[in-house]
1. Within the stretch 193-245, which residues are outside any strand (DSSP E or B), among the acidic types (Asp, Glu) and out of contact with any helix residue (DSSP H, G or I) (no Cβ under 9 Å at 6 or more places or on another chain)?
2. Restricting attention to the stretch 137-151, and to residues there that are among the hydroxyl-bearing types (Ser, Thr, Tyr) and part of a loop (DSSP other than H, G, I, E, B), which single residue is nearest to residue 56 (Cα to Cα)?
3. So if I check each of 125, 167, 90, which one is touching a Gly at 6+ places or on another chain (Cβ under 6 Å) and not acidic (Asp, Glu)?
4. Among the residues of the stretch 173-232, how many are of a type in the set (Lys, Arg), over 22 Å from residue 279 (Cβ atoms) and within 19 Å of the chain's Cα centre (by Cα)?
5. For residue 294, all conditions in the list (1) in contact with a Leu (Cβ under 9 Å, 6 or more places away or on another chain); (2) within 18 Å of residue 193 (Cβ to Cβ); (3) not hydrophobic (A, V, I, L, M, F, W, C) hold save one; what is the number of the exception?
6. Is one or more of the residues making up the stretch 152-168 part of a loop (DSSP other than H, G, I, E, B), within 23 Å of residue 268 (Cα to Cα) and open to solvent by less than 30 Å² (accessible area, probe 1.4 Å)?
7. Restricting the stretch 169-192 to residues that are touching a His at 6+ places or on another chain (Cβ under 7 Å) and not in a loop (DSSP other than H, G, I, E, B), which is least open to solvent (accessible area, probe 1.4 Å)?
8. May I ask you to list pairs of residues, at least six apart or on different chains, whose Cβ atoms are under 7 Å apart, with the first in the stretch 230-241 being in contact (Cβ under 8 Å) with a residue 12 or more places away in the chain and acidic (Asp, Glu) and the second being part of a strand (DSSP E or B) and open to solvent by 50 Å² or more (accessible area, probe 1.4 Å)?
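The values are calculated or read from the model by the stated rules, or taken from the named source; none is laboratory data. Because the structure is a prediction, the values reported are computed rather than measured. So basically every Cβ, Gly included, is an ideal-geometry build from the backbone, and we count neighbours across all protein chains shown. Keep in mind that these areas ignore ligands, DNA and RNA; they rest on the heavy atoms of the full protein, side chains included. Shrake-Rupley method; radii C 1.70, N 1.55, O 1.52, S 1.80 Å.
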Amino acid sequence: MNSTRLISLLVLFSAVLLSSCKEEPVEKGRAMYYWNTIFRLDSVKEQFLSDHHVERIYVRYFDVVQDANGDPVPNATIQFDSAVSCRQEIIPTVYIHNECMRKKPKGLAEKLLARLLQMNETHYIGKVQEIQIDCDWTQTTRQNFFSFLEELHGMTKEKGITLSATIRLHQLSQPVPPVDCGVLMVYNTGNLRKLEVEKPIIDINDVKPYLKHLESYELQMSSAFPIYKWDLVFRNGKFVDIIHEEGDVPMLETDTIVTREPTLQDILECKKAVAHNKPECMREIILFDLNNYNINRYTSEDYEKIFD
């Protein structure tokens, strides 16, 4: 074999080797959270889901709160308006109040899983592919919460179900929870109780300091961004409450209502910062949350910018 041919073969071999070492392209899925006590997909929601090719919906099935004895119990269970026939995959999601993890919750994992599976069967939702646990755990509750997740993870693994957990920005500096994957919650980044905080829902200046932990965080994650707003009541400069429905907060004539809502630029800036530190977090973009007011806040073109 002459030297010219040998060199050509070596170049070809190197090119093949390099191409085989390239990382797989990042999956870019689209999903929504559904955080209401009644599951109902009207024509507005269905059109949005179809127009933007949304593949999955993370549906909050119920909360877990403490009863009078300090034991964890389900609360605010969702009601399904009719049999779920949407084209999107439904991911049962449970919000656990942090107070429930002050002591080790015995039997909670088994009860929670059984309840989720029964709700899916009752409402003909289909096989559960994934379950997500949402909890704003802290250093003081971490051990009990992780112990609960380990127990639940053992059960879901046996059934071929993926277990995911939400990851808040402040939790990035803590150990990784024992789950298959997570969702980085890029919202509620500021203090809504302070009148001078103009962007409590999402602000790049609040997000950036936490991202130094992101690259080394050893958990496959998606990213969730906000599309909601807050109407906040302040009295003499002090926070009173959030208005969820008209008339649900008793008010004085001197009270002030302040609206806080993210701009498209706020969302895109934070998305870019997350992607820069860990591109894998763009494997799925999830928006919080699916209701008619929220999905009409931005244009169709704006949503494509967020999802893409």
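1. Once the filter is applied, which keeps residues that are outside any strand (DSSP E or B), among the acidic types (Asp, Glu) and out of contact with any helix residue (DSSP H, G or I) (no Cβ under 9 Å at 6 or more places or on another chain), the stretch 193-245 yields 196, 198, 218, 245.
2. 138
3. 167
4. Count: 1.
5. For residue 294, the failing item is (2).
6. Among the residues of the stretch 152-168, not one is part of a loop (DSSP other than H, G, I, E, B), within 23 Å of residue 268 (Cα to Cα) and open to solvent by less than 30 Å² (accessible area, probe 1.4 Å), which makes the answer no.
7. We begin by selecting, within the stretch 169-192, every residue touching a His at 6+ places or on another chain (Cβ under 7 Å); these are 172-173, 178-179.
Next, from what is left, pick out any that are not in a loop (DSSP other than H, G, I, E, B): 172-173.
Details: 172: 7, 173: 66 Å².
If we take residues in the stretch 169-192 being touching a His at 6+ places or on another chain (Cβ under 7 Å) and not in a loop (DSSP other than H, G, I, E, B), then 172 is least open to solvent (accessible area, probe 1.4 Å).
8. Listed pairs, sorted by first residue: 231/257; 231/259.
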